[in-house]
Amino acid sequence: MLWINETLAIQDWELSESFMRASGPGGQNVNKVSTAVELRFEAERSPALSASVKTRLKKLAGRRWTLEGALVIQVEDTRSQARNRELARERLAELIRAALVVPKRRIATKPTYGSQLRRVAAKTQRGVVKSLRGKPVEDE
């Protein structure tokens, strides 16, 4: 069981791990031992998450979200399989914690009358500056 916070936990049946050989440094160890971890969380079928949390999680996950509704996290940071498993679970928990936060609704506001006047005055001043850059007008 993976605890996200005090009230939310992900059951073991919702998670599946597979191991593969990692790329990068590690010498012969890389060629022999499967240390990289692919953690798969069946988010769409999860009873622990509400629909709104699933929607936010899908948006946060981006390319890590599959067509079947699963979230796939790959970790090959360390040479230790156990440490990579821990990192994958931590990253999943952080992602779900971020999805649990309900974004604050933006309240549309109108610009103040004073700010509108200042904007128009600044535009007029800028236009004057630009008009002074032209060639002088010859009086006849």
### Query
Among Lys130, Lys135, what is the fewest-to-most ranking by other Cβ atoms within 10 Å?
Lys135, Lys130
### Task
Wrap a convex hull around the Cα atoms of the chain, take a quarter of its surface area, and give that in square nanometres.
18.4 nm²
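What is the chain's relative contact order, in percent, from Cα pairs under 8 angstrom and six or more apart in sequence?
Reported relative contact order: 21 percent.
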## Note on the structure
Counting Lys and Arg as +1 and Asp and Glu as -1 over every other residue whose Cβ sits under 11 Å from the Cβ of Glu17, the net charge comes to +1
### Query
Tell me, in nm to one decimal, what length is gained between Phe19 and Val137 on full extension, where the rule is 0.36 nm per residue of separation less the Cα-Cα distance?
34.6 nm
### Message
Using the basic label-point model (7 angstrom from Cα toward the beta carbon), what is the Lys59 to Ser115 distance in nanometres?
### Response
2.4 nm
### Summary
From fewest to most C-beta neighbours within 10 Å, the residues Asp12, Asp77 line up as Asp12, Asp77
### Query
Taking the alpha-carbon centroid of each part, what is the distance from segment 96-140 to segment 1-71 in angstrom?
46 Å
### Task
Sort Phe19, Phe41 so the one with the fewest other Cβ atoms within 10 Å of its own Cβ comes first.
Phe19, Phe41
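On a full-extension model of 0.36 nm per residue, what is the gain between Glu86 and Val129, subtracting their alpha-carbon distance, rounded to one decimal in nm? Walk me through the numbers on the way to the answer.
Working: separation 43, 0.36 × 43 = 15.48 nm, distance 6.19 nm.
Length difference between fully extended and current span is 9.3 nm.
Each reported figure results from applying straightforward, stated rules to the coordinates on display, with no laboratory input. The model shown is predicted, which means the values in this text are computed figures rather than measured ones. Backbone-built Cβ (ideal geometry, glycine too); neighbour counts: all protein chains shown.
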